[in-house]
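Novice: Sending over a structure as C-alpha cells; questions will come in a sec.
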Amino acid sequence: MMRVTMRQLQVFEAVARLRSYSRAADEIHVAQPTVSKQIRLLHEEIGLPLIELIGKKVFLTQAGEELYATCSAWLDSWGRFEQTIADLKGLKQGRLSIAAVTTTKYFMPRMLGPFCSQYPGIDISLEVVNRDRLLERMAQNQDDLYVMGIPPEDISTQSEPFLENPLVVLAPQFHPLVAKRNIQFSEVAHEQFILREHGSGTRLAVEKVFEERGFPLRVKMELGSNEAIKQAVAGGLGLSVLSKSTLNLDATQRDIAILDVDGFPIKRYWYLVRPRDKQLSVVAKTFMEFLKQHIDLLNPYGSR
Ligand code: PGA
C-alpha cells in the first residue's frame, strides 16, 4: 500500500489543474518550496514521474494524468462527504452554488440578502448567464440549483415554478399605440423589434409567439442586455418583448410603456430546476424553502 498523504494529493491536484507551481502555492496558501517538496515526495512514493517541467511549463505524464483523474474524483466525493456530515449535524452551513439566467438579476440578488442574514454560515455563489450557458453548466453538473424561464424538456431534470414571469410588449412613451387599448397583435407584428441575443430564454419565447401567430419577426437589432434594450426602445429604435421583471424603477422606466396588446402579457413562470438524480444538500433545500416562503420579497410590481 502506498503511503501518500491527503496533503500531497491536494497539492498535486492544484498543480495539475492550474498547470503552475506558483499558482497552486497561492491557492492553497503555502510557499512554493513546500509545493515542490510535496510533489517530490509523491513522485518518490509512487515510483514514477508525474509531472514534467519543460521550461517553466507543467506537463502531466501518463501516470500524472491517471493520478489527476483519481484526485478530482476523490475531492468531489470528499466535498460531498463534508456536506453530508454538516447535514447530519443539522448545520445550516456550507456552500451553495446557483446559476440563474440573465433576466433573474432583477430579483435573485434581492433575495440573497435576507437569506444570507438568516443563515450567515452559508456562502453563496450566484452565476448569472444566458439560457444556453446555463444549460452547459447544468450538463457539467457545476451548480446545486438553477433558475430559468424555460426549463429543459428532458426527463433528467426536475422543475418547479415559483414566480410568474410575464412577457410584455414595450414601446417608447411617444409611440402612437401607447394610448390605444386592445391592440391587435397584427398591429405590432409589422413593427421593428429589438431583441435579446440567440441563446436567451426571452428570445426563444418571443420567436415562439411570432411563429404560433404566423407573423415574421422583423429584428432591427439584437442586444445581449435587457437594460440596453430598454434604452434602445426609449430612444425610438423599435419595440421589444421582455420579461416584466426587467421593469425596475429606473430612469428608462419613464420613457417606455407597456402596450396593451391582445394576448399579452404572455403568462410564463420562473422555475427552480435541479438535476433529477442529484442528492440535494440541506443547504440547497433550505434555500428552496426560503425562496417559497419569501416570494413576497420579489417583484414589487405585482405580476404574481
Ligand atoms: P434569458 O431568460 O435571461 O436567458 O432571456 C429569461 C427567460 O427565460 O425568461
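Just so it is clear, none of the values below were taken in a lab; they were calculated from the coordinates. Predicted model only: the values in this text are computed from it and were never measured. A quick note on method: Cβ atoms are made from the backbone with ideal geometry, for glycine too, and the neighbour counts reach across all protein chains shown.
Novice: Once you put a point 7 Å from the Cα of I28 and another 7 Å from the Cα of A69, both along the Cβ direction, what distance in nm separates them?
Specialist: 2.2 nm
Novice: For the stretch 130-144, what does the Karplus curve 6.51 cos²θ - 1.76 cosθ + 1.60, with θ = phi - 60°, yield as ³J(HN,Hα) per residue in whole Hz, taken in order and with x for Gly and Pro?
Specialist: Once rounded to whole Hz, the list reads 7, 4, 4, 4, 5, 5, 5, 4, 5, 4, 8, 6, 8, 9, 7.
Novice: So, R0 is 25 Å and r is the distance between the beta-carbons of K285 and N141; what FRET efficiency does that work out to, to 0.05?
Specialist: 0.90
Novice: On to the next question. About the Cα centre of the stretch 6-81, what is the dipole size in debye to 20, counting +1 per Lys and Arg Cβ and -1 per Asp and Glu Cβ, all else neutral? All intermediate terms of the calculation are to be shown ahead of the outcome.
Specialist: Details: 9 positive and 9 negative charges, 52 e Å.
Around 240 debye, computed over the stretch 6-81.
Novice: Using 5 Å bins from zero, what percent of all Cα-Cα pairs in the stretch 6-81 falls into each bin?
Specialist: The distribution over the stretch 6-81 is 3, 17, 29, 28, 17, 5, 1, 0, given as percents.
Novice: To the nearest 20 debye, what charge dipole does the chain have about its Cα centre, counting +1 at the Cβ of each Lys and Arg and -1 at the Cβ of each Asp and Glu?
Specialist: Charge dipole, the chain, about its Cα centre: 420 debye, nearest 20.
Novice: So, one more: Cα gyration tensor of the stretch 75-143, axes a ≥ b ≥ c as square roots of the eigenvalues: rounded (a/c below 1.5), prolate (a/b > b/c) or oblate?
Specialist: Oblate, because a/c is 1.5 or more while a/b does not exceed b/c.
Novice: Separate question: Given 0.36 nm per residue, what is the gain on full extension from R254 to S186 after removing their alpha carbon distance, in nm? Walk me through the intermediate numbers first.
Specialist: Numbers: separation 68, 0.36 × 68 = 24.48 nm, distance 2.60 nm.
Roughly 21.9 nm would be gained on extension.
Novice: Please report Rg over Rh for the chain, where both radii come from the alpha carbon positions and Rh follows the Kirkwood definition. Each step should come with its number before you reach the end.
Specialist: On the way: Rg = 25.2 Å, Rh = 22.7 Å.
Rg/Rh for the chain comes to 1.11.
Novice: Right, another one. How many angstrom lie between the Cα centre of the stretch 1-29 and the Cα centre of the stretch 63-78?
Specialist: Measuring centre to centre over Cα atoms gives 11 Å.
Novice: Given R₀ = 35 Å, FRET efficiency for Q173-R19 by Cβ-Cβ distance, to 0.05?
Specialist: After rounding to 0.05, the efficiency reads 0.05.
Novice: Setting aside same-chain residues fewer than 8 positions from K37, which lysines have a Cα under 27 Å from its Cα?
Specialist: The reachable lysines, counting only those whose Cα sits under 27 Å from K37, are K56, K57.
Novice: Something else now. With a ≥ b ≥ c taken as the square roots of the eigenvalues of the C-alpha gyration tensor of the stretch 167-258, please select rounded if a/c is under 1.5 and otherwise prolate if a/b is larger than b/c or oblate if it is not?
Specialist: It is oblate, given that a/c is not under 1.5 and a/b is not larger than b/c.
Novice: Could you calculate the FRET efficiency of T84 with T61 from 1/(1 + (r/R0)^6), where r is the beta carbon distance between them and R0 is 25 Å, rounded to 0.05?
Specialist: Rounded to the nearest 0.05, the efficiency is 0.15.
Novice: Under the definition of Cα pairs under 8 Å and six or more residues apart, what whole-number percent is the relative contact order of the chain?
Specialist: Taking the mean separation of contacting Cα pairs over the length of the chain, I get 21 percent.
Novice: Loop-only trypsin sites (Lys or Arg not before Pro) in the stretch 146-201, please: DSSP not H, G, I, E or B, and at most 11 other Cβ atoms within 10 Å.
Specialist: R181
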